[in-house]
Amino acid sequence: MRVTRLEITPYRIPFAAGFATAHGRATAREGLILRLATDAGVEGLGEAAPLTEFGGGTAADAAALLEALTPALTGATLEALLDRCAALPLDRPGVAAVRCALETAALDVLGRARGVPLAALLAPNHAAEVPVNATVGVPGLEDAAAAAKQAVEAGFRTVKLKVGIAGSPSAEVERVAAVRSAVGPDVALRLDANGAWTPDEAIHLLRRLAAYDLDLVEQPVPPGDVAGLARVRRAVDLPIAADESATTLDAVRALLQAEAVDAVVVKPMVAGGPRAARDIIEEATDAGLRAIVTTTIDAGVGTALALHVAATLPDPIPACGLATGSLLTSDLLASPLEVHQVRMALPAGGGLGVEV
C-alpha cells in the first residue's frame, strides 16, 4: 500500500478542571490529528501532541514538520514511511510527537487491512484489557483529597497524585497525608513529581512521605540527573520510577547502568511512537524493572495508541495511566474510550479501533 494523502487537523481541548504539575498549571491540551489515506482505500489515524512544558515542542512545530514531510511521504509505501519515521532525529522540537503520529497512522492502516488490533503488530501476545489508575492533578489540599476520594468511590484501586506543586515541604506532606486519608489504607498511592526537587530535597521529603505507604515515586529529580536519581533511590526506602528520564532506549540503558530506578514510565508520544516504546519496555522488563505505560493526557487517538502499547506489557500488567480522557472536556472520538471496573479494553476491530 502507498500513501495517497496526509491530512492534518489541529485541536485545542480545555481541561475539565484545574490541572497542575511541577511545571505549572495547564488550561488546555493542544495537538494534531493525522489522517493517512492509502491507495487501497484504507485510512489510518495518528495523533501528534507535544508536551510543550517538558521541552517537546509545540503543536505548531509538529504541524510545520508534518507539512514539510508530506511531499516526500505522499506516494511512499507504508514500509518506507515507517523507515523514514525511525530515521527522524528526536532532538528537534515536535519530532517525537510527529514520529508517533505517522507511525501510529501507518500501523493503524496495517491493522485495519489485516483485521487485527494494533497491539498484535507490536507483540505476538497481548492482553485484551489493561488495568488503569486514576490521576489527580488538581492543586490544593482539599481539592486533591476530594478528587482522590471520588476516584476510589468510582472503583479505582491505584491513584497517582501530582506533587511538587504545594509550595513547601510541609505543605507537600500535608497534601499527601490528606490524599492518603481520603483514599484509605488499601489503595495504592503513587506520586509524580515531574522532576520538581534536587536530590537533597527529594531525599529529605521522601523520607517523611514514606510513612504514607507509597507504591512508587515518579521522577523526583530533573531528568538529566541520573546520578542524583540513583542517589535518591539508595537513600530512601521507596520504589523510584523514571518518567522524563526514560524517553529513549539509550536513556533507559543509562538508568539501568546506574541502578537508578525500580520502574520506568513509558509514554509512546514522548518515546517517538509505539515501536520505540516497545523497545524501552523490553529493555526495562528484561532487566527486571516494572514498566508502566501512560498517556501524555492526549486526545482519544493518542490514548488508544497508549492502550494498545500497554496491552503488550508482560503479565501481571500494572495499573497504567490511561484513564486520562476525563481530564479533558472531549477526547474527539466518535465513541469515547471508557473505563469499566477499573480496566480499559482494546476497542473492537482492526488497528486502533477508533474513529474521530
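Might you check whether a residue that is touching a residue at least 60 places away in the same chain (Cβ under 8 Å), more than 30 Å from Gly184 (Cβ to Cβ) and in a loop (DSSP other than H, G, I, E, B) occurs anywhere in the stretch 217-226?
Within the stretch 217-226 (the criterion being touching a residue at least 60 places away in the same chain (Cβ under 8 Å), more than 30 Å from Gly184 (Cβ to Cβ) and in a loop (DSSP other than H, G, I, E, B)), the answer is no, since none of the residues qualifies.
Among residues of the stretch 279-327 being touching a Lys or Arg at 6+ places or on another chain (Cβ under 9 Å) and acidic (Asp, Glu), the one that is most open to solvent (accessible area, probe 1.4 Å) is Glu283.
Taking each residue of the stretch 328-349 that is over 15 Å from Ala311 (Cβ atoms) and looking for partners that are of a type in the set (S, T, N, Q) and not in a loop (DSSP other than H, G, I, E, B) with beta-carbon atoms closer than 8 Å, six or more apart or interchain, yields Asp331/Thr303. Among all residues of the stretch 267-278, there is at least one that is touching a strand residue (DSSP E or B) at 6+ places or on another chain (Cβ under 6 Å), under 17 Å from Leu249 (Cα atoms) and open to solvent by less than 20 Å² (accessible area, probe 1.4 Å).
Quick one: count up the residues across the stretch 47-68 that are modelled with pLDDT of 90 or more and within 24 Å of Thr296 (Cα to Cα). Matching residues across the stretch 47-68 total 14. Within the stretch 24-37, track down each residue that is under 22 Å from Leu305 (Cα atoms) and open to solvent by 30 Å² or more (accessible area, probe 1.4 Å). Once the filter is applied, which keeps residues that are under 22 Å from Leu305 (Cα atoms) and open to solvent by 30 Å² or more (accessible area, probe 1.4 Å), the stretch 24-37 yields Glu30, Arg35. Pairs meeting the criteria (first residue in the stretch 103-115 and under 13 Å from Ala304 (Cβ atoms), second residue open to solvent by 10 Å² or more (accessible area, probe 1.4 Å) and assigned to a helix (DSSP H, G or I), beta carbons under 7 Å, at least 6 apart or on different chains) are Leu107/Leu121; Gly111/Leu121. Filtering the stretch 71-82 to residues that are open to solvent by less than 30 Å² (accessible area, probe 1.4 Å) and outside any loop (DSSP other than H, G, I, E, B) leaves Leu73, Leu78, Leu81, Leu82. Among the residues of the stretch 123-137, the one identified as in contact with a helix residue (DSSP H, G or I) (Cβ under 7 Å, 6 or more places away or on another chain) and either at positive phi or open to solvent by 30 Å² or more (accessible area, probe 1.4 Å) (or both) is His126. Considering the stretch 244-356, the qualifying strands (runs of 3 or more DSSP E), each wholly inside and each with 3 or more residues that are not β-branched (Val, Ile, Thr), run over 343-345.
Going by the structure shown, is Leu305 in contact (Cβ under 8 Å) with a residue 12 or more places away in the chain and farther than 24 Å from Pro347 by Cβ? No: the conditions fail for Leu305. Checking Thr58, Thr4, Thr21 one by one, the residue that is touching a strand residue (DSSP E or B) at 6+ places or on another chain (Cβ under 6 Å) and open to solvent by less than 60 Å² (accessible area, probe 1.4 Å) is Thr21 and no other. With respect to Ala106, is the statement that it is more than 29 Å from Asp192 (Cα to Cα) and either of a type in the set (Ser, Thr, Tyr) or exposed (fewer than 15 other Cβ atoms within 10 Å of the Cβ) (or both) true? So Ala106 fails the test. Any residue that is open to solvent by 20 Å² or more (accessible area, probe 1.4 Å), touching a Gly at 6+ places or on another chain (Cβ under 6 Å) and in a loop (DSSP other than H, G, I, E, B) - is there at least one of those in the stretch 38-46? Checked against the condition, which is being open to solvent by 20 Å² or more (accessible area, probe 1.4 Å), touching a Gly at 6+ places or on another chain (Cβ under 6 Å) and in a loop (DSSP other than H, G, I, E, B), the stretch 38-46 yields no hits at all. As an exercise: evaluate Cys85 against (1) in contact with a Leu (Cβ under 8 Å, 6 or more places away or on another chain); (2) surrounded by fewer than 18 Cβ atoms within 10 Å (Cβ to Cβ); (3) at pLDDT below 95 and give the number of the one condition it does not meet. With (1) in contact with a Leu (Cβ under 8 Å, 6 or more places away or on another chain); (2) surrounded by fewer than 18 Cβ atoms within 10 Å (Cβ to Cβ); (3) at pLDDT below 95 applied to Cys85, the lone miss is (2).
Only residues that are surrounded by 19 or more Cβ atoms within 10 Å (Cβ to Cβ) and at positive phi were counted across the stretch 176-215, and they come to 2. Screening the stretch 83-101 for residues that are farther than 22 Å from Thr9 by Cβ and assigned to a helix (DSSP H, G or I) and picking the one that is nearest to the chain's Cα centre (by Cα) gives Ala86. Checked against (1) of a type in the set (S, T, N, Q); (2) within 18 Å of Gly302 (Cβ to Cβ); (3) open to solvent by 60 Å² or more (accessible area, probe 1.4 Å), Gln341 passes all but a single condition, namely (2).
The values are calculated or read from the model by the stated rules, or taken from the named source; none is laboratory data. From a predicted model like this one, the values you see are computed outputs, not experimental measurements. Heads up, the Cβs are rebuilt from the backbone with ideal geometry, glycines too, and the neighbour counts pull from every protein chain shown. The protein model used for the area step is the full one, side chains on, heavy atoms only, and it has no ligands, DNA or RNA in it. Shrake-Rupley method; radii C 1.70, N 1.55, O 1.52, S 1.80 Å.
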